[in-house]
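Encoded as structure tokens, the structure appears first; notes follow it.
The values are calculated or read from the model by the stated rules, or taken from the named source; none is laboratory data. The shown structure was predicted, so the numbers you read here are calculated from the model rather than taken from an experiment. Virtual Cβ from ideal backbone geometry, glycine too; neighbours counted across all protein chains shown.
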Amino acid sequence: MHDAIKPQSGILDIALYEGGKSHVAGVANALKLSSNENPAGPSEKAKEAFLRTVHTLHRYPNTDHGSLRQAIAEVHGLDAGRIICGAGSDEVITFLCQAYAGPGDEVLFTEHGFLMYRISALAAGATPVEVAERERTTDVDALLAACTERTKLVFVANPNNPTGTMISAAEMARLAGNLPPQALLVIDGAYAEYVQGYDAGANLIEARENVVMTRTFSKIYGLGGLRIGWGYGPQHVIDVLNRIRGPFNLSSTQLEVAEAAVRDQEWVSRCRTENARWRVWLAEALAEIGVPTDTSMANFVLARLGDADEAEACDQFLQSQGLIVRRVAGYKLPHCLRITIGDEASCRRVAHAIAQFKGLR
């Protein structure tokens, strides 16, 4: 590090985020089940919108994201004026930390929560506070007990990544209702669309002034490569976030493709149904060979091996078979592997490979 030119406090404490692996050395055409991507990809309407945007690439995008916000509002029954869009929900999380947390403030998140909560808190100069879960599920009592007069943000992913577990609307409301007055509850709904009938906290936001939700187009909509997300909250929060949002943070392509995607709810429903079908199948197949998983409400399962050594050996075996899953030791789950729900062939292939591995032990 340079003797005189130094970053602000907290930056050098950030461990670089590592996404799921995409390649295995020496293996061609490996099957990637490490990043919770929709195996069906985006809808045809989204693809058509993408192709149309090539004709207007010389034009700046609009700065208020009005058309996309209106589409999201119509589909989800929300107020378009209280929606903010970002480069993935990650950017909205960054906005929240930048706007509401700084030196001397605390940002709470759960033990096995998304790594970007810690990273964004440290980048803002705030103190990240990790709170224990109960059997890999958010513990509302533990979160409330960890709150102090310095708590500014409380992040809860529901369903959670990488566990797939979630808490009820009643528990979420109890959390929101008992937070210190200066704290915001942020419900990360990246996987909300995989839960039939779940509003990701929208009703709670309408009833309170201290709740925000974040959403993404990267998962069920199959648009991870375009980086589009959004948030919804009280007007006083959205007004603040828009003050720090860059005027051109989303391209015209991002805006138009996301609008086409969100209006194609028939595609979302089809993907949700297929995911649920093969998620149940894979969990049952793993259970039959002695590999337990918690009930997942997302598009992955968290396979629990005997210990860290077995998880590492299983991961290496899967890679030798051209299968890439996600090691989650960085989430304090060294004995686990997170496996994305792929199509039928992918699920059958990974289940068969793990059964082979267990037979070799």
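See the values below:
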{"read-out": "Close pairs from the stretch 35-48: first within 21 Å of Leu255 (Cβ to Cβ), partner among the acidic types (Asp, Glu) and surrounded by fewer than 21 Cβ atoms within 10 Å (Cβ to Cβ), Cβ under 7 Å, at least 6 apart", "value": "Ser43/Asp264; Lys45/Asp264; Ala46/Asp264"}
{"read-out": "Residue in the stretch 49-60 that is surrounded by 14 or more Cβ atoms within 10 Å (Cβ to Cβ), in the same structural domain as Arg245 (by TED's automatic domain parsing), within 18 Å of Asn242 (Cβ to Cβ) and in contact with a helix residue (DSSP H, G or I) (Cβ under 7 Å, 6 or more places away or on another chain) present", "value": "no"}
{"read-out": "Residues within the stretch 290-304 that are aliphatic (A, V, I, L, M), buried (at least 22 other Cβ atoms within 10 Å of the Cβ) and part of a loop (DSSP other than H, G, I, E, B), tallied", "value": "2"}
{"read-out": "Qualifying residue in the stretch 226-244 (condition: among the hydroxyl-bearing types (Ser, Thr, Tyr), under 19 Å from Val301 (Cα atoms) and not in a helix (DSSP H, G or I))", "value": "no"}
{"read-out": "Residues satisfying the stated conditions in the stretch 177-200, i.e. under 20 Å from the mean Cα position of the chain (by Cα), farther than 23 Å from Thr273 by Cβ and among the small types (Gly, Ala, Ser)", "value": "none"}
{"read-out": "Every residue from the stretch 246-255 that is surrounded by fewer than 21 Cβ atoms within 10 Å (Cβ to Cβ) and either within 20 Å of the chain's Cα centre (by Cα) or not β-branched (Val, Ile, Thr) (or both)", "value": "Gly246, Pro247, Phe248, Asn249, Ser251, Ser252"}
{"read-out": "Search result, residues across the stretch 156-173 that are out of contact with any Ser or Thr (no Cβ under 9 Å at 6 or more places or on another chain) and not aliphatic (A, V, I, L, M)", "value": "Asn161, Pro162, Ser168"}
{"read-out": "Residue match in the stretch 283-296 (condition: under 29 Å from Ile167 (Cβ atoms), of a type in the set (Ser, Thr, Tyr) and touching a Gly at 6+ places or on another chain (Cβ under 6 Å))", "value": "yes"}
{"read-out": "Residue list for the stretch 108-142, filter: surrounded by fewer than 23 Cβ atoms within 10 Å (Cβ to Cβ), hydroxyl-bearing (Ser, Thr, Tyr) and in contact with an Asp or Glu (Cβ under 7 Å, 6 or more places away or on another chain)", "value": "Thr127"}
{"read-out": "Pairs with Cβ under 7 Å, 6+ apart, first in the stretch 160-178 and small (Gly, Ala, Ser), second part of a helix (DSSP H, G or I) and modelled with pLDDT of 95 or more", "value": "Ala173/Leu204; Ala176/Leu204"}
{"read-out": "Failed item in (1) touching a residue at least 60 places away in the same chain (Cβ under 8 Å); (2) touching a helix residue (DSSP H, G or I) at 6+ places or on another chain (Cβ under 7 Å); (3) closer than 30 Å to Gln8 by Cβ; (4) among the hydroxyl-bearing types (Ser, Thr, Tyr), with Ser67 passing the rest", "value": "(3)"}
{"read-out": "Hits in the stretch 305-361 (condition: among the aromatic types (Phe, Trp, Tyr), more than 30 Å from Val131 (Cβ to Cβ) and crowded, with 19+ Cβ neighbours inside 10 Å)", "value": "Phe357"}
{"read-out": "Selection count, the stretch 315-347, where residues are assigned to a loop (DSSP other than H, G, I, E, B) and either farther than 26 Å from Arg277 by Cβ or not β-branched (Val, Ile, Thr) (or both)", "value": "8"}
{"read-out": "Given (1) within 24 Å of Leu31 (Cα to Cα); (2) touching an Asp or Glu at 6+ places or on another chain (Cβ under 7 Å), index of the condition Pro234 fails", "value": "(1)"}
{"read-out": "Unique residue being in a helix (DSSP H, G or I), closer than 15 Å to Val211 by Cβ and small (Gly, Ala, Ser) when the list is Ala145, Ala173", "value": "Ala173"}
{"read-out": "Test result for Ala308, farther than 30 Å from Ala71 by Cβ and among the hydrophobic types (A, V, I, L, M, F, W, C)", "value": "yes"}
{"read-out": "Candidate set from the stretch 220-234 (those that are touching a residue at least 60 places away in the same chain (Cβ under 8 Å) and small (Gly, Ala, Ser)); member that is nearest to Lys47 (Cα to Cα)", "value": "Gly222"}
{"read-out": "Any chance Leu68 is crowded, with 22+ Cβ neighbours inside 10 Å and in a strand (DSSP E or B)", "value": "no"}
